Amino acid sequence: MDAFDLPRRLAAEALGTTILVATVVGSGIMAEALTRDVALALLCNTLPTGAILVVLITVLGPISGAHFNPAVTLVFALRRELPANETALYVIVQIAGGIAGTMIAHLMFALPLIDLSLKVRTGGAQWFGEAIAAFGLVATILAGIRFQRSAVPWLVGLYITAAYWFTASTSFANPAVAIARSLTDTFSGIRPADLPGFVLAELCGAIAGMVLMNWLVGRTPARGPAAIAETLR
């Protein structure tokens, strides 16, 4: 298999996070325009998000590992499968890509490029929900890699689709996506003041998921900076 150099891997991470956020924000805007039923709007937001994750992980996973998520990148750094300098660069391009995704969604719907959210999402229940969302995401990824590598795109897409509905927070499970969603005052937004609680909960949940799965299913040997990519090729 061809090895992809760091610039290509970073480009894949940025592109994937951009498209992911554009889907999350754009489908939320479309849902609000089409219905006033909040449950139906959430369903309209959920299905495109799960679907695009399957697509993005399938087509970009072999290049970069398809993290699209600083919490997931942190997990692989802690597992010594991603060097510290590359971890920092992954996180930077993920955040930048997420912001670009919000701006692209706004442009498509003729909204201001940046519109800080006023939607309140805070409190212990929502923080706990975010921790559970990130915990389950990491558990899904690590167990999928261990037992059913080719199914990882579907496993992640289906997990996020479910987690939109069973978590109180609607499962952001991703610090880069949370930051990007703070810049849109639409259906999927989150107030910037509420970001710290969400991000901290996501990171704690991800680390807890890693600790449990390292014990529960064991660890596959580290294979260098593109650990997930190896499983998807």
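The values are calculated or read from the model by the stated rules, or taken from the named source; none is laboratory data. For clarity, every value in this text was computed on a predicted model and none was experimentally measured. Neighbour counts run over all protein chains shown; Cβ positions are idealised from the backbone, glycine included.
Filter the range 11-63 down to the residues that are of a type in the set (S, T, N, Q) and either assigned to a loop (DSSP other than H, G, I, E, B) or surrounded by fewer than 17 Cβ atoms within 10 Å (Cβ to Cβ) (or both) and list them by number.
35, 58
Among 151, 227, which is modelled with pLDDT under 95 and closer than 24 Å to residue 82 by Cα?
One residue alone meets the criteria, 227.
Taking the condition of being surrounded by 21 or more Cβ atoms within 10 Å (Cβ to Cβ) and in a helix (DSSP H, G or I), how many residues in the range 64-94 meet it?
Going through the range 64-94 one residue at a time, the tally reaches 11.
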